[in-house]
1. In whole Å, what is the distance between the alpha-carbon centres of region 140-158 and region 179-233?
2. Rule-of-thumb check for region 150-207: C-alpha Rg over 2.2 N^0.38 Å?
3. Calculated FRET efficiency, R193 and H158, Cβ-Cβ r, R0 30 Å, to nearest 0.05?
4. Could you calculate the FRET efficiency of K127 with K220 from 1/(1 + (r/R0)^6), where r is the beta carbon distance between them and R0 is 35 Å, rounded to 0.05?
5. With N set to the number of residues, divide the alpha-carbon radius of gyration of region 40-249 by 2.2 N^0.38 Å and report two decimals.
6. Exactly which trypsin sites (Lys or Arg not before Pro) in region 101-180 are in a DSSP loop and have at most 15 other Cβ atoms within 10 Å?
7. What distance in nm lies between label points placed 7 Å from Cα along the C-beta direction at T48 and Q206?
8. Skipping prolines and chain starts, which residues have an amide H placed within reach, meaning under 5 Å, of the one on V34, given they are 5 or more residues away or on another chain?
Amino acid sequence: MSSRPQVRVPASPTPAPNARTTGAGAASTAPATVTPMGWMHTARFLTTAAQLHHLPAMDTPEIAFVGRSNAGKSTCINTLTQKKQLAFASKKPGRTQHINLFALGKQGITDAVLADLPGYGYAAVAKMDKLRWQQVMANYLVSRENLTGIVMLCDPRHGLTELDDVLLEVIRPRVEQGLKFLIILTKADKLTRAEQAKALSIARLQAGGGEVKLFSALKKQGVDEVAQLLWDWTHPAGAATAPAQAAEPSAAEPEALDE
Ligand SMILES: Nc1nc2c(ncn2[C@@H]2O[C@H](COP(=O)(O)OP(=O)(O)O)[C@@H](O)[C@H]2O)c(=O)[nH]1
Ligand SMILES: [Mg+2]
């Protein structure tokens with residue numbers, strides 16, 4: 001059953017500047033109130049691919065999550081989506097060198113995709129595998145056409161690592177061309193307020209105009225803010241009424257795990 005492109009303008013109760021600058025009156029036809037958090041909770045598995053060319057071509061805005069192994073990426077995705085097992089990638093590093101796509105959108109209509117890229121820098125992965133993977137990831141970040149934004153997860157106790165810097169260099173041209181970029185400083189609960197402030201200002205210098213947010217899965221810090229930002233990225237002004245392509249592969253038709 002292919003979904004017909006019928007995206008309605010959601011009436012967000014929280015300020016979503018980009019999504020609300022135009023067509024606010026048209027929101028009266030929205031069938032239900034959609035909050036960025038509620039939208040995040042619609043996440044469902046879409047597909048997985050070991051190679052770039054195995055990924056389905058899509059028109060839907062896609063947001064990639066990247067980060068060093070152990071940065072807290074899986075925990076962050078699980079917290080945002082309220083799906084404990086969605087980003088199960090962290091457990092078996094050797095087995096998880098795949099790009100996993102998750103669909104977002106109410107009523108089974110995909111209006112955005114999350115791409116979970118495997119963590120890098122994991123010591124136990126063989127060097128050749130690391131190099132191969134770095135290549136896949138670089139190719140993805142450079143050439144994925146529907147890529148709309150990148151979220152880089154970073155444990156602020158370690159700061160950005162050499163591999164993070166390499167990745168920043170890879171994406172810099174696209175960020176300069178308008179690709180959205182966010183650094184999430186994870187495990188904020190492990191820092192004092194003063195350390196949080198310091199980590200924020202350092203990361204802002206490194207983010208090259210991108211956003212930086214503190215996040216704690218434990219304390220649920222930053223969850224609403226990140227959900228709002230991802231919503232804004234994928235629903236820019238006026239675009240909420242544009243048809244979104246629901247390009248779910250029929251073989252792997254995901255269940256809507258909507259709660
Ligand atoms: N205290 C605290 N620990 C966290 C937080 N997020 C992740 N962790 C822990 O950090 C470790 C790595 O997290 P994981 O999500 O598996 O990292 P990944 O390798 O980047 O996917 C795990 O032991 C998590 O429990 C957080 O917000 N607060
Ligand atoms: Mg993980």
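Each value in this text was obtained by applying a stated rule to the coordinates, not by laboratory testing. Remember, it's a predicted structure, so these values are computed and weren't measured experimentally. Quick reminder, even Gly has a Cβ in these numbers, built from the backbone with ideal geometry, and neighbours come from all protein chains shown.
1. 14
2. On the way: Rg = 11.9 Å, N = 58, 2.2 N^0.38 = 10.3 Å.
So the Cα radius of gyration is 1.16 times the expected 2.2 N^0.38 Å.
3. Values: r = 19 Å, r/R0 = 0.64.
Calculated transfer efficiency: 0.95.
4. Details: r = 38 Å, r/R0 = 1.09.
Plugging the Cβ-Cβ distance into 1/(1 + (r/R0)^6) gives 0.35.
5. Values: Rg = 16.1 Å, N = 210, 2.2 N^0.38 = 16.8 Å.
Ratio of Rg to 2.2 N^0.38 Å for region 40-249: 0.96.
6. Details: sites: K106, K127, K130, R132, R144, R157, R174, K180; in loops: R144, R157.
Those satisfying the criteria are R157.
7. If labels sit at T48 and Q206, their model points lie 3.0 nm apart.
8. Counting only residues 5 or more places away or on other chains, the set is A11.
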